[in-house]
2 protein chains.
Amino acid sequence: MLYLVGLGLSHATDITVRGLEIVKRCKRVYLEAYTSILMAADKESLEEFYGRDVILADRELVESGSDQILENAQEDDIAFLVVGDVFGATTHTDLVIRARKLGIKVEAIHNASVMNAVGACGLQLYTFGQAVSIVFFTENWRPDSFYHKIMENRKIGLHTLLLLDIKVKEPNFDELMKGRLVYEPPRYMSVATCCQQLLEVEEKRKERAYTPQTPCVAVSRLGSPTQSFKAATLQELAEYDAGEPLHSVVMLGSQVHELELEYLLEFADNKDAYRAAIAADQELFTKN
Amino acid sequence: MLYLVGLGLSHATDITVRGLEIVKRCKRVYLEAYTSILMAADKESLEEFYGRDVILADRELVESGSDQILENAQEDDIAFLVVGDVFGATTHTDLVIRARKLGIKVEAIHNASVMNAVGACGLQLYTFGQAVSIVFFTENWRPDSFYHKIMENRKIGLHTLLLLDIKVKEPNFDELMKGRLVYEPPRYMSVATCCQQLLEVEEKRKERAYTPQTPCVAVSRLGSPTQSFKAATLQELAEYDAGEPLHSVVMLGSQVHELELEYLLEFADNKDAYRAAIAADQELFTKN
């Protein structure tokens, strides 16, 4: 049996009781370590907490070495641990498909992920549209496919969750040219970088999917002991220091009810200005 | 301190290790028992598992009796348990706002909810639009505001998660007229009822937000030991017996990638017909 076990967002103890029981009795325990990180735990603290060895599964292992992960899983119980919930990335779906083909049973032990825990900012989850990924711009690659998706969401009043890029175990290209495989230090996109990239794209496209005054919420270290929210405009958040990773951003749509606003305003430095920004922003798509 | 603790979807052991530690040391433990149910546990089995008394919190207590829940929470630790994740319903947001006003600190212990665990059907979460609630039609009240929202989602290719009505502790009106307060047995909307209501509304409005042939996925007892999925058209699901509650339905949008389709087809009785239904359905909004 292959168990996909969600680890939640932050602490070693964010695993469910049922998940922990399964991890303890599995023959091999893999930790998927490239699409996200647990904020308040690492491999060593997990091993100590589980009383088990944990094998780090990087992209190569999951995408090319799945035979190794699934080896003998028809007989043995194998745990594959995923930060957040288990179906957050297509590579996990792919692993399940390959397991099925080998006649291996699969069970998922679900947990919180940013996709539902973001409700902690006060905005109702059922007024979120499609989520978008924001990747690090490079000199020659500044993809803006997110722009159209944000526009689509906002045209119908929906909020957008922006999932920020994580670069773990990326090879250094200069070293690679010299024939050496050296990894870059991990990089986690900040709220400020995300918002600067968004402003740059709006500046270029000028279709007013959003403006510098569009109200947003910076979500820092969701589910961790130092979790924080900041309600401010896009422009303000482009200058905001949200501290240690991981970060996300929510861009508001027009569907903000009074109760949600009351909740959100707790996170605004200037409540009147934020309220005014929401009112002004709501005009953006009403004329269309 | 007020702890909002998500219980996940099904088993008593779906609580996180951190959540369980908190429940064990709180002075009072409330279980919110009207917006959802835990499928494989009840008050008694939770009390046994926690080694603690659990107070059932019905709608009256949460919405009108919150002073009782929050009593002395400036000093004492109080746990408020919610099936799924903690910010699934506006009443929980409201409880946090009232706690803040009383100077009570609040911490959320997140968990899986249908909003993220539905990824288990194989469709990627970031291609879901706004979720909609489907309530039981009565003779005189057949609300169809969901129809426009599904249309909005599908126009931009997004899937829609349909959250099905739960009626717990509803007074019997005949008895109420006689001056007696008698509660109806709980009712949980089935996949078939949901799909029949959807067909009725399309039949009436004829705006082709969807058709009887639109591909859907029936989601039964998500996260429980008897979880199952059925990929079929809306019309087929209107006749489908999905078994014991709880049920949800996903209506597909056009953004279905090959990997998702491969995953989904495992749940179809007739793979070729389902694949054809997806192809035909994708034509619906391309002509606009």
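The values are calculated or read from the model by the stated rules, or taken from the named source; none is laboratory data. None of these values were measured; they are calculated from a predicted model. When we count neighbours, we look across all protein chains shown, and the Cβ atoms used for this are built from the backbone with ideal geometry, even at glycine.
Any residue at all in the stretch B:21-29 that is among the β-branched types (Val, Ile, Thr), more than 13 Å from chain A (Cβ to nearest Cβ) and touching a strand residue (DSSP E or B) at 6+ places or on another chain (Cβ under 7 Å)?
Yes.
Among what's in the stretch A:101-111 and is more than 7 Å from every other protein chain (Cβ to nearest Cβ) and in contact with a strand residue (DSSP E or B) (Cβ under 9 Å, 6 or more places away or on another chain), pick the residue that is farthest from residue A:76 (Cα to Cα).
The selected residue is A:109.
Can you give me the ranges of the strands (runs of 3 or more DSSP E) entirely in the stretch A:102-164 with at least 1 residues that are surrounded by 23 or more Cβ atoms within 10 Å (Cβ to Cβ)?
Because the criterion is at least 1 residues that are surrounded by 23 or more Cβ atoms within 10 Å (Cβ to Cβ), the strands (runs of 3 or more DSSP E) in the stretch A:102-164 that meet it are A:106-109, A:160-164.
If residue B:10 satisfies every condition in (1) assigned to a loop (DSSP other than H, G, I, E, B); (2) in contact with a strand residue (DSSP E or B) (Cβ under 9 Å, 6 or more places away or on another chain); (3) within 13 Å of chain A (Cβ to nearest Cβ) but one, which is the exception?
(2)
Considering only residues of the stretch A:206-261 that are touching a strand residue (DSSP E or B) at 6+ places or on another chain (Cβ under 8 Å) and among the basic types (Lys, Arg), which is nearest to residue A:285 (Cα to Cα)?
The extreme case among them is A:230.
Any idea which of (1) more than 8 Å from every other protein chain (Cβ to nearest Cβ); (2) of a type in the set (Val, Ile, Thr); (3) within 24 Å of residue B:14 (Cβ to Cβ) is the one residue B:96 doesn't satisfy?
(1)
Quick one: would you say residue A:146 is within 30 Å of residue B:119 (Cα to Cα), within 14 Å of chain B (Cβ to nearest Cβ), within 17 Å of the chain's Cα centre (by Cα) and of a type in the set (Phe, Trp, Tyr)?
Taking the combined requirement at face value, the residue satisfies it.
Looking at (1) within 30 Å of residue A:18 (Cβ to Cβ); (2) away from chain B (no Cβ under 14 Å); (3) over 14 Å from the mean Cα position of the chain (by Cα), which one does residue A:184 not meet, given that it meets all the others?
Only one criterion is unmet by residue A:184, namely (1).
In this structure, is residue A:254 touching a residue at least 40 places away in the same chain (Cβ under 8 Å), in contact with a helix residue (DSSP H, G or I) (Cβ under 9 Å, 6 or more places away or on another chain) and not β-branched (Val, Ile, Thr)?
yes
Residue check, residue B:224 against (1) modelled with pLDDT under 95; (2) within 14 Å of chain A (Cβ to nearest Cβ); (3) over 15 Å from the mean Cα position of the chain (by Cα), all met but one. Which one?
The failed condition is (3).
Residue under question is residue B:114, and the condition is that it be over 22 Å from residue B:190 (Cα atoms), in contact with a strand residue (DSSP E or B) (Cβ under 7 Å, 6 or more places away or on another chain) and more than 7 Å from chain A (Cβ to nearest Cβ); does it hold?
no
Tally time: how many residues in the stretch A:117-143 are more than 19 Å from residue B:123 (Cβ to Cβ) and facing another protein chain (nearest Cβ under 8 Å)?
6
Taking only the stretch A:4-22 into account, find how many residues are buried (at least 23 other Cβ atoms within 10 Å of the Cβ) and either without any contact (Cβ under 8 Å) to a residue 12 or more places away in the chain or under 13 Å from residue A:86 (Cβ atoms) (or both).
Matching residues across the stretch A:4-22 total 8.
Which one of the conditions (1) touching a His at 6+ places or on another chain (Cβ under 9 Å); (2) away from chain A (no Cβ under 13 Å) does residue B:253 fail to meet, given that it meets all the rest?
Among (1) touching a His at 6+ places or on another chain (Cβ under 9 Å); (2) away from chain A (no Cβ under 13 Å), residue B:253 violates only (2).
Can you pull out every residue in the stretch B:12-65 that is farther than 18 Å from residue B:91 by Cβ and of a type in the set (S, T, N, Q)?
Passing the criteria: B:13, B:16, B:45.
Out of the residues in the stretch A:80-93 meeting the condition of being more than 9 Å from chain B (Cβ to nearest Cβ) and of a type in the set (Val, Ile, Thr), tell me which one is farthest from residue A:5 (Cα to Cα).
A:91
Quick check: anything in the stretch B:206-217 within 17 Å of residue B:146 (Cβ to Cβ), among the aliphatic types (A, V, I, L, M) and in contact with a Leu (Cβ under 6 Å, 6 or more places away or on another chain)?
no
Which count do you get for residues in the stretch A:26-70 that are touching a residue at least 12 places away in the same chain (Cβ under 8 Å) and polar (S, T, N, Q)?
4
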